[in-house]
Structure formats: structure tokens, C-alpha cells
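Worksheet for the structure shown next.
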Amino acid sequence: MRTLIFDTDIGVDDAFALAYAARTQRLLGITTVFGNVAVGQATKNARLFCEKIAIRVPVFRGCSRPLALAPSAPAKLHGEDGLGDVFENPYSDQAPGAVQFIIDSVRAQPHEITLVAIGPLTNIASAINQAPDIVSLVKEVVIMGGAFGTGGHSGNVTPFSEFNMWKDPHAADQVLSSALPIVLIPLDVTHKVLIRQEEVQQLNQPVLSAICQPYLAYSLAKEGFAGMALHDTLTLSWLCIPDAFTLAESPLRVITEGIASGQTVRKRSALASREDAFHGLPAQRIALDVDAEAVRTHFFSTLGAG
Ligand code: BDR
Ligand code: CA
């Protein structure tokens, strides 16, 4: 069991991941960020979802916009409110600052804290910009994001880019090229782990079934599949059953401009050139294959009892 800071733009698959984390890890705090919804809505959602699954975890409000890009509209596939538009949400959108919470927590518990980042990486980039000393004090950063083309999965917003990277490519580039100990969980593996509509019902988790209806409708309309990829939950799968994943190791960058903005790229060959954009960067771990049945089995056995 790890001590986690759970960094999220909480939409539907983020909520599934939070439910999974609550049963398998020690949650120190939830930090919110813009992405699937605006940061204020994410802050309200984090509090509401904690109430719905009966956990008490402090919530911190993070960044409201990307480091350098103009803000873009929230995604709509998680519903207007990010949690399927099924619950009244009476909670405040105000909370103490997420970036300071990350910095203070990592300094207070050196080498003990795992960051799970399942939205745009703006809070994490801001934390390491403000406090570079924390880079060597974080135990691990497990990130859902990026795409490397395995099985044709090279992007889900543009042909090149995955949503979390695309939303704030400058933050993503800073984090992925830093010396933080990273495990990246890209679309290459998250698209292999699918849950069918009837399996969501069988989980016997009424809150999860309720919130995912617009997401399932979107998936059926767009992809002809009555189910959904479990994207963000795979960060927890990595923490629970790492042997289910096949990793590659290479330095990483993220494209920040042009038609490929948000594209994750990894160094594939040695290049003795001063123009090498990966020069001097540490190798990071990237999940490129997964035992989908092992991940599904662990997920269902953890959440299935209701
Ligand atoms: C990512 O995009 C978001 O919509 C999901 O919550 C997930 O974090 C998948 O590309
Ligand atoms: Ca997310």
C-alpha cells in the first residue's frame, strides 16, 4: 500500500480510479486540475464523489489553465458536470492550494509519497518549478497520458495527441523530461482494458453505474462499442499488479507546438548530435503492453463486492 496524492480533473474514469485507489492505497489528499471539467467543478466533484463512496480525504484546488496555452473548453463526454449529470452537487468550489500541498507533503515525507496524475500535468509542473528540490524526494509519479501508436493508438483528441498531454503540452514536456521517477501509462495500454456496459452494472456499485451513462452513450455512438476504456484506473493497476505490465525505458519529450502539439515522443536510437532534443534526459518507464485479463480480474475483485 502506497501513500498517494491523487491529482485529477475528475470525470468518469477518474472517479473509477478514485474508488479503486480508496480500496487499495492510503490517500493523503486529492488535488484537482482543469481538464475534463473546469478546476472549480473538479473540486466540487472530488468532494461529492468522496461523499458518495464514503471516504474522507482532504481536497485541494489546483491550476485553472495551462502553463502557456490559452484555456480550451472542457471535454463533454463525461457529462456537463464531469460525473454524468446525475447528482446535485452542494459542495464549494473553493479549497486550499494544490500546488503548495504537493510541495509541503513531499518535503514532509521524503521518498514516501507517490503522485498519481490522471489529468493535465499542470499542478505537477508548477510544483517542480516552484520547488525543484522535491524532484528527488518523490517516491514515484504514475501518469495516465500519451500515446505511442501501438495497435494504432496514437491519439484520442488529435491524430497525434492524447487528451491529458494535449491540454497542457508545456507542463507535460516539463514533467516527462524531468528527473522525477515516472511510470507513464499511455493509450497503448489503456485501450486494451475495456469494460462492457453490463460489466459496469455487475460491479454492484450504483454510483459508478450512474455516473458513466453519458460516457457509455458517447462510446457507443462514436466507436460502436457498448463499454468504455478504463484509462485512469490503470495507474492503480500498475501500483497493485506491476507484473501485468510490459515496460520500455527511454527519455521522453512532448511536442508543444503545431499540428502535433501534445504528442509524446520517446528516444528510439542513439544520436551523437547537439541537436538531440533528448540529450542528457533520464530514461523513464513507459507501459507499452499489458495483460488485460489480469488487470480486469484485479479491478473486478477489488470493486466487485459493492
Ligand atoms: C484521459 O482523458 C480524460 O478524458 C480521461 O479522464 C483520461 O484521463 C484519457 O485520454
Ligand atoms: Ca482524467
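Every number here is computed from the coordinates shown, using simple stated rules; none is lab data. Just so it is clear, the model here is predicted, and its values are computed rather than measured. All Cβ positions, even for glycine, are placed from backbone atoms using ideal geometry, and neighbour counts span all protein chains on display.
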For the chain, averaging the sequence separation of alpha carbon pairs under 8 Å that lie six or more residues apart and dividing by its residue count, the contact order in percent is 19
Rounded to 5, percent antiparallel among DSSP beta bridges of region 112-230: 25
Along the Cα→Cβ direction, 7 angstrom out, place labels at GLU275 and ASP104. What is the inter-label distance in nm? 4.8
I'd like the distance separating the alpha-carbon centroids of region 84-102 and region 204-241, in whole Å. 22
With each run of n ≥ 4 DSSP H residues scored as -39500 (n - 2.57), what mean residue ellipticity at 222 nm is computed for the chain after dividing by its residue count and rounding to the nearest 500 deg cm²/dmol? -10000 deg cm²/dmol
With the charge dipole of region 1-90 built from beta-carbon charges (+1 for Lys and Arg, -1 for Asp and Glu) about the Cα centre, the Cα from LEU83, GLY29, LEU18 projecting farthest to the positive end belongs to GLY29
If you keep only loop residues by DSSP, which GluC sites (Glu not before Pro) in region 193-287 have at most 16 other Cβ atoms within 10 Å of their Cβ? GLU257, GLU275
Size of the dipole of the chain about the Cα centre, Lys and Arg at +1 and Asp and Glu at -1 on the beta carbon, nothing else charged, in debye to 20? 320
With a 10 Å cut-off between alpha carbons and a GNM built on the chain, which of SER154, SER273, SER237 moves the most? SER273
Please identify the DSSP H helices in the chain that span no less than 27 Å along the helix axis (Cα) and have a mean Kyte-Doolittle hydropathy of 0.0 or more. none
So, in nm, how far is label LEU220 from label ALA70 when the simple model puts each one 7 Å beyond its Cα toward the Cβ? 3.7
To check you understand DSSP bridge types, tell me what percent of the beta bridges within the chain (both residues inside) are antiparallel, rounded to 5. 30
Under 25 Å between C-alpha atoms is the cut-off here; go through the chain and count lysine pairs that meet it, provided they're at least eight residues apart or on different chains. 13
